[in-house]
1. Quick test for you: out of Leu169, Leu202, Leu185, pick the one residue that is surrounded by fewer than 19 Cβ atoms within 10 Å (Cβ to Cβ) and at pLDDT 85 or above.
2. Taking only region 264-281 into account, find how many residues are open to solvent by less than 70 Å² (accessible area, probe 1.4 Å) and within 16 Å of Ser145 (Cβ to Cβ).
3. Take the residues in region 57-77 that are of a type in the set (S, T, N, Q) and in a helix (DSSP H, G or I), then tell me which one is least open to solvent (accessible area, probe 1.4 Å).
4. One residue is enough: does region 149-167 have a residue meeting the conditions closer than 30 Å to Leu64 by Cα, of a type in the set (D, E, K, R) and assigned to a helix (DSSP H, G or I)?
5. Taking region 110-131 as the search range and keeping residues that are touching a Ser or Thr at 6+ places or on another chain (Cβ under 8 Å) and outside any helix (DSSP H, G or I), which one is nearest to Gly167 (Cα to Cα)?
6. Which of the residues that make up region 38-48 are part of a helix (DSSP H, G or I) and out of contact with any Phe, Trp or Tyr (no Cβ under 6 Å at 6 or more places or on another chain)?
7. Checking the conditions here, which among Phe54, Phe44 is crowded, with 22+ Cβ neighbours inside 10 Å, among the hydrophobic types (A, V, I, L, M, F, W, C) and under 17 Å from the mean Cα position of the chain (by Cα)?
8. Looking only at region 78-109, count every residue that is assigned to a helix (DSSP H, G or I) and in contact with an Asp or Glu (Cβ under 7 Å, 6 or more places away or on another chain) and tell me the total.
Amino acid sequence: MVASSTAGVADATAIAPRHLVLLVLMNLVWGLNLIASKIGVAQFPPILFTALRFGSLAIFLLPLLKIHRGQMSNLLLAAMLTGPAAFSLLFLGVFYAEDAATVAIASQMSVPISTLLSIWLLGETIRWRRTLGITLAFGGMVIISFDPRVFAYWEGLALVVASTFFGALGLIFVKRLHNIKALELQSWIAVAGGSTLMLLSLLFEQGQWQAIQSADWKAWTALAFTTLMSSLLAHTAWYYLVSKYPVTSLSPITLLSPLFGIFFGVTLLDDQLTTRMLLGGAVTLIGVFIVVMREKRLVDTGT
């Protein structure tokens, strides 16, 4: 397990006010990150944009890169799945999807998919409440997908859901790691992601150099935001909070992230939300909330 162990965590799960503020700000950054990503992939090829993000992050985290003997296979799998695999699909999805708001909702499918992978790979059993939550989450996505506006870019939404699968699968390997600090893991994600994605961009995309030359300040600001504010600061804040509180106490509040994403998508990018999109989004988020709260109760009560 990454060294964000809950050893020394207080028995009480109430979040201190200053940490609650930090958690809300972190989700605000993640919500804005979808907007920045949408702006970035409008001027950069999406895989190149992802490669530049991880390459830039690697510059900051390269000094933390360390070999961990006996764990490198799990470490590299965790880095490749949670980094280049998940994020390249996410940014491809952002590129093809017209609305950042629907991307924000689809990205929450990581919660039910993580639970399903735990059943499949870890032998975990679930009862009717989490089954209901998972069913609602997927049902909400079906409602959204058949909206005529969304159906026109269903491939983008499918790519976002696929990215949550690879991210959730990567977390299975993250859980197998021991005594590896969070920023050390991020350094491997950055190095592996930057190099792998740059190669994929060269193989499958065109016009990279032209895009770099012609990108305006908005595109470069978007890249800086995703690198510094989202990857470096917000994720570091997340690992800091995980070191102090059980993840199950923090997870319900992370549902603010898609709400911020929807709000900024509508206000900053003029996303158009139809009745079916709103209904499907509500059903999905309710399902995710049920799964998260049920897992919190299981941890709190030990049942």
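The values are calculated or read from the model by the stated rules, or taken from the named source; none is laboratory data. Computed from a predicted model, the values in this text were never measured in an experiment. Ideal geometry is used to build each Cβ from the backbone, glycine not excepted, and the neighbour counts take in all protein chains shown. Ligands, DNA and RNA are excluded from the accessible area calculation, which covers all protein heavy atoms including side chains. Shrake-Rupley method; radii C 1.70, N 1.55, O 1.52, S 1.80 Å.
1. That would be Leu202, the only listed residue that is surrounded by fewer than 19 Cβ atoms within 10 Å (Cβ to Cβ) and at pLDDT 85 or above.
2. Residues meeting the conditions: 5.
3. Step one: filter region 57-77 for residues of a type in the set (S, T, N, Q), giving 71, 73-74.
When the remaining residues are screened for being in a helix (DSSP H, G or I), the result is 73-74.
On the way: Ser73: 79, Asn74: 38 Å².
Only one residue tops the list, namely Asn74.
4. Looking for residues that are closer than 30 Å to Leu64 by Cα, of a type in the set (D, E, K, R) and assigned to a helix (DSSP H, G or I), one finds none in region 149-167, hence no.
5. Glu124
6. Here is the first cut: in region 38-48, the residues part of a helix (DSSP H, G or I) are 38-41, 46-48.
Of everything in region 38-48, those that are part of a helix (DSSP H, G or I) and out of contact with any Phe, Trp or Tyr (no Cβ under 6 Å at 6 or more places or on another chain) turn out to be Lys38, Ile39, Ile47, Leu48.
7. Working: Phe44 fails: under 17 Å from the mean Cα position of the chain (by Cα).
Going through Phe54, Phe44 in turn, just one is crowded, with 22+ Cβ neighbours inside 10 Å, among the hydrophobic types (A, V, I, L, M, F, W, C) and under 17 Å from the mean Cα position of the chain (by Cα): Phe54.
8. The first filter runs over region 78-109 and keeps only residues assigned to a helix (DSSP H, G or I), leaving 78-96, 100-109.
Checking the rest, the ones that are also in contact with an Asp or Glu (Cβ under 7 Å, 6 or more places away or on another chain) come to 96, 100-101.
Result for region 78-109: 3.
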